[in-house]
1. Roughly speaking, what is the stretch gain from Arg50 to Thr239, that is 0.36 nm per residue apart minus the C-alpha to C-alpha distance, in nm to one decimal?
2. At 0.36 nm per residue, minus the direct Cα-Cα distance, what do Ser143 and Gln189 gain on full extension? Give it in nm, one decimal, please.
3. Taking the Cα centre of the range 115-215 as origin and charging only Cβ (+1 Lys, Arg; -1 Asp, Glu), how large is the dipole, in debye to the nearest 20?
4. Keeping all protein chains in place and using 1.4 angstrom, which order do Leu230, Leu60 fall into by accessible surface area, from largest down?
5. Please compute the net charge surrounding Asn64, taking Lys and Arg as +1 and Asp and Glu as -1 over other residues with Cβ under 11 Å from its Cβ.
6. For Lys247, go through the aspartates and glutamates and keep the ones whose alpha-carbon is under 15 Å away, minus same-chain ones fewer than eight residues off.
7. Counting Lys and Arg as +1 and Asp and Glu as -1, each charge on the Cβ, what is the dipole of the chain about the Cα centre in debye, to the nearest 20?
8. Averaged per residue, what accessible surface does the chain expose to a 1.4 Å probe, in Å²?
Amino acid sequence: AKRVGGAGFALFEDGMVVDAALQLTLQSDLRGALDRGQFELYYQPKIDARKNVVTGVEALVRWNHPTRGVVGPQEFIPTAERSGLIVRLGRWVLDEACRQIADWQSQGRDLNVAVNLSVIQLADASLLDDVRESLARHNVPASRLLCEVTESLLLENTQATARTLVGLRALGVHLSVDDFGTGYSNLTQLKDLPARQLKIDRTFIQELETRSEARAVVASVIQLAHALHLTVVAEGVETAGQRDLLKAMGCDELQGYFYARPMQAAMMQSWSIDAPLA
Ligand code: C2E
Ligand code: CA
Ligand code: CA
Ligand code: CA
């Protein structure tokens, strides 16, 4: 059977049909990676647009592959979801994020951490218990944790998903609507969500400086979100020009390569917006 090689991996990213043997290899590799502790969370800061300080970080999973090096989530999350392994991986991500919050706290660094939740996890009945247990195990207040859920996923809005979202909110965990603008949700659906934050998808931010249409969309999304008492984060901010436009539009938080790429926990411990390379 074909091995999942360097070139083979690119197939996943392009969304091409991947043959079954390749899928199975990746699945068992992922299972082994979980057992061997080969996953690591990287952290990317979110910046308060007005005060110019770090408000928190988003945890983004990486696979430290023994031969391939650092592998990004887009190359393995889809397979993890298809195989159901995402439930175990997601559980690890949640627990590791809580452990890291406590670790930073003990070093005098108070950071809120956002984790990404998959649709499969939200439909899983054990998620609420997992979150509760991880918070308790590491003695972390729920308000320190934020769950990012994609807009398209929220639109599916099955009963199980809705129950989980309400349950998370009841625990005191905050919710963020990720990739906003890509899922065609309407006002009514947004106002019914127990969310506190909305993240504007990177595709809109990319076009801010070149297309007036993108500026109009972003400006109205910010107004809409504020009317619904949601804070707005722009993801994928790469230039000073984008930052300036977003600040002028009243965007609350900014995240992107302009400020920092996702980094290892030890780097984040000492990262500051005034001395980003310290
Ligand atoms: P996302 O949640 O939309 O995360 C944002 C992605 O954009 C991240 O890619 C981040 O590294 C990247 N990014 C941040 N700033 C910039 C920028 O200025 N320019 C550009 N071009 N990209 C930027 P990453 O880390 O490869 O993650 C990709 C996706 O994988 C995430 O998209 C999320 O959907 C998923 N993911 C990551 N970690 C997890 C996880 O622990 N669990 C689950 N279920 N999904 C995860
Ligand atoms: Ca996210
Ligand atoms: Ca996003
Ligand atoms: Ca995205």
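1. 66.4 nm
2. Fully extending the segment from Ser143 to Gln189 adds 14.2 nm.
3. 380
4. Leu60, Leu230
5. Around Asn64, the charge tally is +2.
6. By straight Cα distance, Lys247 reaches Asp48, Glu209, Glu235, Glu238.
7. Using only the charged Cβ atoms, the result is roughly 400 debye.
8. 48
The values are calculated or read from the model by the stated rules, or taken from the named source; none is laboratory data. No experiment lies behind these values; they were computed from the predicted model shown. Here the Cβ is made from the backbone with ideal geometry for all residues, glycine too, and neighbour counts use every protein chain on show. Note: areas computed on protein heavy atoms with side chains; ligands, DNA, RNA excluded. Shrake-Rupley method; radii C 1.70, N 1.55, O 1.52, S 1.80 Å.
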